[in-house]
1. Carbon and sulfur atoms: what percent of the 1.4 Å accessible area of the chain do they account for?
2. Hey, of (1) 11.7, 34; (2) 17.1, 59; (3) 12.4, 37, which did the structure itself give for Rg and Dmax of the Cα atoms in Å when calculated?
3. List every residue whose amide H lies under 5 Å from the amide H of S4, counting only residues 5 or more places away in sequence or on a different chain, with H placed 1.01 Å from N in the peptide plane.
4. Do the alpha carbons of any pairs in K33/K74; K5/K51; K43/K74 sit beyond 26 Å of each other, and which pairs?
5. For E29 paired with V6, estimate the spin-label separation in nm (one decimal), with each label point 7 Å from Cα along the Cα-to-Cβ line.
6. Before I look further, what does the chain give for accessible area per residue, probe 1.4 Å, in whole square angstrom?
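The values are calculated or read from the model by the stated rules, or taken from the named source; none is laboratory data. Owing to the predicted nature of the structure, the values given are computational and were not obtained by experimental measurement. We place every Cβ from the backbone using ideal geometry, glycine too, and count neighbours over all the protein chains shown. To get the accessible areas, we keep the full protein, side chains included, count just its heavy atoms, and leave off ligands, DNA and RNA. Shrake-Rupley method; radii C 1.70, N 1.55, O 1.52, S 1.80 Å.
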Amino acid sequence: MSISKVNVTGDLSFATVGVSVLGDKREREETLKGLESAKGFIKKELGKNLKLRAIPELIFENDESIEKSMEMFKLIEEVNHDEK
C-alpha cells in the first residue's frame, strides 16, 4: 500500500487520501476497510505531529494511478521489444 496523493479542502476540514494497493479487488477493498477502521488512530497520530487546530476528516479512496502507470510501462516495453 502506498499513499499516492492527498487533497485538502481550503478550510482544512477534509483530506481526501489516495491509496494505491497492488493486488486484486478484494485486497484493495480490505485495505480501504482497514484504513477506515483505523481512521481515529490515524487522526490521533496526525494530531501529535501536525500543528493544526483541528485535524481534517480523512476520506480514503482507491487510486489506480500507480497500477495504470505500470501497465503503460509494460506496454511501452512490449512495443520497444517488438521493434528490435
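1. Roughly 56 percent of what the probe reaches on the chain is carbon or sulfur.
2. (2)
3. G18, V19, S20
4. Working: K33/K74 30 Å; K5/K51 20 Å; K43/K74 37 Å.
Table pairs above 26 Å Cα-Cα are K33/K74; K43/K74.
5. 2.8
6. Details: 6480 Å² over 84 residues.
That works out to 77 Å² per residue.
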